[in-house]
Each structure stands twice: as C-alpha cells, then as structure tokens.
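Undergrad: First, the structure itself, so that you have it in front of you.
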Amino acid sequence: MGILCPCGVTVNACSKGNCVKIIGKCGTVKGNLTYCAKVCVTTLGKSTLTLKFVDTQCPSRKNFLFTANTITSVDCKKDGQGCVVTVTGTGIVNGKQYPFTAVFKDRVAPAANDVVQSFVINGFFDQNGAVLVPQGSITALGCRE
C-alpha cells in the first residue's frame with residue numbers, strides 16, 4: 001500500500017479557447033491549455049507540474065511548455081465542500097527560469113466543474129482568470145480548515 005499524501009494535488013486537465021496574457025505581447029492570445037501535476041508536500045523533490053499552451057489564434061504561434069523544476073510549497077485549504085491547493089516554485093520555459101504560482105480547486109459536487117483558479121508564471125504568463133476544467137480533472141489530496 002502506498003504512502004498517503006497529507007497535502008497535494010493531481011491534475012490532468014485540458015481547457016480550450018482561453019484568452020491568456022503573455023508578457024510582452026499586446027492584448028490576449030487565444031489558445032488551449034493542458035495542465036498536468038502530481039504534487040505532494042512530503043515529496044516536493046519528486047513532485048511534477050507542467051503547463052502546455054497551444055496558440056490557436058496567431059500565425060506566429062506563441063506555443064510553450066512550462067515545466068516546474070523546483071516546487072517550494074504546497075498549501076491545502078478546505079473551501080466549502082471542496083479544497084483549494086496552492087503550489088509555488090520555479091520552472092523553465094523557452095530555456096529561462098521563472099517563479100510560478102498555481103491555484104487548483106477540486107469541487108466535490110458531481111455537477112460542478114473543477115477550477116484552475118489561477119496560473120501565473122511571473123514575468124512570462126498569466127492565464128487571465130479562472131479556467132473551468134471537467135469534474136474529476138483535479139484531485140486534492142488532504143485538506144484542512
């Protein structure tokens with residue numbers, strides 16, 4: 001039997017047609033987001049998190065893949081019947097390192113979508129508001145009041 005994680009998140013989610021901000025570009029860019037994470041507070045060194053953006057609007061294609069290389073903190077908080085997990089650290093995109101903060105909300109109600117409340121790569125990217133993802137795409141591990 002595996003070790004239980006007292007605070008963490010698993011994410012396997014996609015969302016299409018999002019208008020995001022890429023720092024240094026005017027306005028927003030429309031595209032598809034794919035989030036993947038397996039994060040646990042007791043195994044930060046083995047935790048993984050990626051964000052893939054595929055530009056569906058511009059011919060210049062501002063596609064990128066962000067990969068966390070260090071996860072420094074994970075915080076889990078009860079939110080009504082759900083759980084909000086905040087993950088911070090640093091990661092690499094286009095060969096440069098940036099700090100990031102990602103906030104995931106696991107909603108337990110079967111009819112409610114899960115939510116990527118925010119995903120910011122400081123100095124590079126902002127998902128520009130909450131993104132709904134299918135129920136079950138985000139699973140919070142451990143929550144506290």
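The values are calculated or read from the model by the stated rules, or taken from the named source; none is laboratory data. No experiment lies behind these values; they were computed from the predicted model shown. Neighbour counts run over all protein chains shown; Cβ positions are idealised from the backbone, glycine included. Calculation scope for accessible area: heavy atoms of the full protein, side chains included, ligands and nucleic acids excluded. Shrake-Rupley method; radii C 1.70, N 1.55, O 1.52, S 1.80 Å.
Undergrad: Assuming Ala111 fulfils every condition listed in (1) within 14 Å of Val84 (Cα to Cα); (2) surrounded by fewer than 17 Cβ atoms within 10 Å (Cβ to Cβ); (3) over 12 Å from the mean Cα position of the chain (by Cα) apart from one, which condition is it?
TA: The single condition Ala111 does not satisfy is (1).
Listed here are the residues, each with its yes/no results for (1) closer than 19 Å to Ser137 by Cα; (2) aliphatic (A, V, I, L, M).
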| position | (1), (2) |
| --- | --- |
| Lys21 | no, no |
| Cys36 | yes, no |
| Leu44 | no, yes |
| Lys52 | yes, no |
| Thr56 | no, no |
| Phe104 | yes, no |
| Pro110 | yes, no |
| Ser118 | yes, no |
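Undergrad: Can you pull out every residue in segment 54-80 that is modelled with pLDDT under 95 and either of a type in the set (Val, Ile, Thr) or over 18 Å from Thr10 (Cα atoms) (or both)?
TA: Scanning segment 54-80 gives Val54, Asp55, Thr56, Gln57, Cys58, Pro59, Ser60, Arg61, Lys62, Asn63, Phe64, Gly80.
Undergrad: Given the criterion polar (S, T, N, Q) and either more than 16 Å from Val116 (Cβ to Cβ) or touching a His at 6+ places or on another chain (Cβ under 7 Å) (or both), identify the matching residue among Thr34, Thr70.
TA: Thr70
Undergrad: Which of (1) open to solvent by less than 50 Å² (accessible area, probe 1.4 Å); (2) of a type in the set (S, T, N, Q); (3) under 19 Å from Gln117 (Cα atoms) is the odd one out, the single condition Thr28 does not satisfy?
TA: Of everything listed in (1) open to solvent by less than 50 Å² (accessible area, probe 1.4 Å); (2) of a type in the set (S, T, N, Q); (3) under 19 Å from Gln117 (Cα atoms), Thr28 misses just condition (1).
Undergrad: Among the numbered criteria (1) at pLDDT below 95; (2) surrounded by fewer than 14 Cβ atoms within 10 Å (Cβ to Cβ), which single criterion is violated by Lys21?
TA: The number of the failed condition is (2).
Undergrad: Follow-up question, since we're still on this one. Could you count how many residues in segment 55-108 are open to solvent by less than 20 Å² (accessible area, probe 1.4 Å), more than 17 Å from Leu44 (Cβ to Cβ) and small (Gly, Ala, Ser)?
TA: 1
Undergrad: Taking strands (runs of 3 or more DSSP E) that do not extend beyond segment 91-133, which have at least 1 residues that are among the polar types (S, T, N, Q) and farther than 19 Å from Asp55 by Cβ?
TA: Counting at least 1 such residues, we get 96-106, 114-121.
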